[in-house]
Structure formats: structure tokens, C-alpha cells
Amino acid sequence: MKSILIIGMGRFGHHLAQDFLDNGHDVMIMDQFEEKVEDMVPLATSTKIGDCTKEEVLRSVGIANFDVVFVCIGTNFQSSLEITSLLKELGAKRVISKATRDVQAKFLLRNGADEVIYPDKDIAQKWAEKYSFDNIFDYIDLPGNFGIYEMSPLKEWVGKTIRESDIAARYKISILAIKKKNATEISLMPSADYVIKDRDHLMIMAANEVAENLIQQNRNHFAN
């Protein structure tokens, strides 16, 4: 269980808080306006109303005690920047700030953010990846230019075992799981002796460049 502080209770802040609470974590929520947090008061571990651009407000909650602090200010970038900077000055272990543009991300990282998230951009990228190709069924973005893709197997893999296909060495990917099409059963970390079927969905982890090459190969196969 982790101790989470979420500053800014707009739509994204609400969803984030609810998800952390559902996963059993301690969540403190903060916002300048009482009406932004009132619906979450019965659910959150604790609540604080105050202007988080003020050092004394942040200091009062013991910033260093939280495992992660999220800055989810969506409409006032100057406030987001000031809060991010103050959090690091007050000893925050890890600060993750929300941005809507690349230029905002650069300033946030320079002023103390350990990581920057783009909720709208990330969601758009996921759905674009998922629906760009018929053989991509889901996509999860990972740090460091990596991703997890749910995709159809290449034609040359079908009928062979994972070992015979030499997938890891030849393609530089890891098969994390195999899901049968139209089934909820998932086989995690499949054996090297597993024989790949045409209708399997493979959950692979790969560098995005490698995955895009596989997607293109599969696209050519489906087009023919």
C-alpha cells in the first residue's frame, strides 16, 4: 500500500483518486475549491482545502511522507509549475505532473517534476494504435519507448512452437501472454513448447520501432 497525494480535483484527478482508492492505497486529495472535492470526501483517506501555490499550505500536510505526489492542475499552467517546484523543495519523493503540451512538459521537468503525463494525448495514442490496424487489439504505452501490444501472430509463426520460431532472438520481443480469440482465458508466460495458433492473440512487449515493423508485416499479410 502506498501513500498518494493528488493536487487538483478536476476530472482526471477524480479518476486517478478513485483508481488508487480501489486498489487499496491511502489517498489524500487537495484543491483550492471545496466544491471540487466534496463528492470525494467520504471516499478519500483525507482531504485538504487550500491554495497549493502557498508554501505553508503544502508544508502543513507533510509532503515528504507521501510516496508519490500528482499535480493534476489542468487550466492554470503557472500554478502547476509553481506547485511542482515547491513540492521538490519541500522534499517530495516523486512528483508526477500533468501537461497538455510538450513545451509545458519541458518546463515542468526543469522545475522538479520526475515525470510528466499527458492524459488526453496518451488516451488518443492508445486508441489510434488500437484502431489503425485490424490485427492490433490493445496497446499499453511504457516508459522508454516501449509498449505492450496485443496482436495477431505473424504468418510464419503459426504452427510452430515459440522455441522453433526463435521469436525472442530474431525479433527482440518478449511474449508475456497468449489469449485465445473470443475467450477470456489468458496463458501467462507461455512455455517455449507452446504451438502458436492462427487465431491466438499474443501479448508482446517490444520497443515501439520493433512492434511497428511487426505490425507492418502483419498488415501486408492481411492485405494480401
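Can you work out which of the residues in segment 114-126 that are touching a strand residue (DSSP E or B) at 6+ places or on another chain (Cβ under 9 Å) and of a type in the set (A, V, I, L, M, F, W, C) is modelled with the highest pLDDT?
Ranking the qualifying residues of segment 114-126, first place goes to Val116.
Select from segment 20-56 the residues that are without any contact (Cβ under 8 Å) to a residue 12 or more places away in the chain and either under 18 Å from Leu87 (Cβ atoms) or touching a helix residue (DSSP H, G or I) at 6+ places or on another chain (Cβ under 7 Å) (or both) and write down the one among them that is surrounded by the fewest Cβ atoms within 10 Å (Cβ to Cβ). Ranking the candidates gives Glu56 first.
Would you confirm whether any residue within segment 29-39 is assigned by TED's automatic domain parsing to the domain that holds Lys98, touching a Leu at 6+ places or on another chain (Cβ under 9 Å) and at pLDDT 95 or above?
Checked against the condition, which is being assigned by TED's automatic domain parsing to the domain that holds Lys98, touching a Leu at 6+ places or on another chain (Cβ under 9 Å) and at pLDDT 95 or above, segment 29-39 yields at least one hit.
The C-beta contact set for segment 94-121 (first residue surrounded by fewer than 16 Cβ atoms within 10 Å (Cβ to Cβ), second residue assigned to a loop (DSSP other than H, G, I, E, B) and among the charged types (D, E, K, R), distance under 8 angstrom, 6+ apart or interchain) comprises Arg94/Asp67; Arg94/Asp114; Glu115/Arg94. Just one of the listed residues (Asn76, Asn111, Asn23) is under 19 Å from the mean Cα position of the chain (by Cα) and either at pLDDT below 95 or of a type in the set (Asp, Glu) (or both), namely Asn23. Checked against (1) out of contact with any Leu (no Cβ under 9 Å at 6 or more places or on another chain); (2) surrounded by 14 or more Cβ atoms within 10 Å (Cβ to Cβ), Pro153 passes all but condition (1).
Residue-by-condition table, conditions (1) in a helix (DSSP H, G or I); (2) farther than 16 Å from Pro190 by Cα; (3) over 28 Å from the mean Cα position of the chain (by Cα):
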residue: Phe137; (1), (2), (3): no, yes, no
residue: Gly144; (1), (2), (3): no, yes, no
residue: Gly147; (1), (2), (3): no, yes, no
residue: Glu150; (1), (2), (3): no, no, no
residue: Pro153; (1), (2), (3): no, no, no
residue: Glu156; (1), (2), (3): yes, yes, yes
residue: Ala168; (1), (2), (3): yes, no, no
residue: Ala177; (1), (2), (3): no, no, no
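Cβ-Cβ contacts under 9 Å between residues 6 or more apart (or on different chains), taken from a first residue in segment 148-175 that is on the phi < 0 side of the Ramachandran plot and in contact (Cβ under 8 Å) with a residue 60 or more places away in the chain to a second residue that is in a helix (DSSP H, G or I) and among the small types (Gly, Ala, Ser), are listed as Tyr149/Ala211; Met151/Ala211; Leu154/Ser165. Applying the set (1) surrounded by fewer than 22 Cβ atoms within 10 Å (Cβ to Cβ); (2) touching a helix residue (DSSP H, G or I) at 6+ places or on another chain (Cβ under 9 Å); (3) over 21 Å from Leu108 (Cα atoms) to Ala17 leaves exactly one unmet item: (1).
The values are calculated or read from the model by the stated rules, or taken from the named source; none is laboratory data. Keep in mind it's a predicted model, so treat the numbers as computed, not measured. Virtual Cβ from ideal backbone geometry, glycine too; neighbours counted across all protein chains shown.
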